[in-house]
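I have placed the structure first, in the form of structure tokens, so that the comments after it can refer back to it.
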Amino acid sequence: MHTGQTMITLGALMFLGITVLNMNRSFSDSDVALLHNQYRMEALSLMNTYKEEAFTRFFDEACTSLISAKRVNDFTAAASLGMGVGDGGIPNDFDDYHNYSLTDTGPSGMVYKIFFKVDYVDLSGNQIVTSASRTYHKRMRIYVTDNTAAGDDPMFYHWKNGLKVRDTLSVSLVNSYWFYN
């Protein structure tokens, strides 16, 4: 083999090595993206599950009696939203979810941190705004993030200034009280 053929062979092998490494990195990046999307879909499913669970609960502790309609003043005061003394740590009405948090594991084995906020809301123009007083409408906000430790790389993140910044998925929904007989 001549020197020219050796150089061409070495060049071809180097080109092949670079191509293989680039393909490997490309596949690795695709796998990571697919995994992150799977975790996000799982988190959205968990949010939907807890939303559906919350809507099976009574609007308020005062609504457990179905005999008569309730007035706004019968509802829990805005400052007292959250678990009641006798609830035993398990939400039994919609506003019990206020400041409620838990961890849950998805089918993939990923552990998620879930946090809830509930407040009274009213309509102001075309905006839903927080109300300091009782209304016939309560808003629930559900937040989901991964449960990785503070120093570890988060699973939900976006890049900002070259750093991974933890993302939190959230949804906001409104539950309104009605009574009919």
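Before moving on, here are some points about what is shown:
- Judged by the mean number of other Cβ atoms found within 10 Å, the most tightly packed of the peptides 134-140, 14-20 leads the ranking 134-140, 14-20.
- Here mean projected area of the Cα convex hull in nm² was calculated from the structure, and among [x] 12.7; [y] 17.9; [z] 10.6 it sits at label [y].
- Separation in nanometres of the label points that stand 7 Å from Cα toward Cβ, at Val85 and Thr103: 3.2 nm
- Check: the chain dipole with +1 on Lys, Arg Cβ and -1 on Asp, Glu Cβ, in debye: 440 debye
- Between Phe55 and Leu35, the C-beta separation translates, for a Förster distance of 30 Å, into a calculated FRET efficiency of about 0.45.
- The angle separating the long axis of helix 3-55 from the principal Cα axis of greatest extent in the chain is about 10 degrees.
- For region 3-176, the number of Lys pairs separated by eight or more positions or lying on different chains, with C-alpha atoms closer than 20 Å, is 6.
- Computed [θ] at 222 nm, helices only, for the chain once each DSSP H run of length n ≥ 4 contributes -39500 (n - 2.57): -11000 deg cm²/dmol
- Ranking Tyr112, Met83, Cys63 by Cα position along the charge dipole of the chain, where only Lys, Arg, Asp and Glu carry charges on their C-beta atoms, puts Tyr112 farthest toward the positive end.
Coordinate-derived values only; no laboratory data. As the structure is a prediction and not an experimental result, all values here were calculated from the model. A quick note on method: Cβ atoms are made from the backbone with ideal geometry, for glycine too, and the neighbour counts reach across all protein chains shown.
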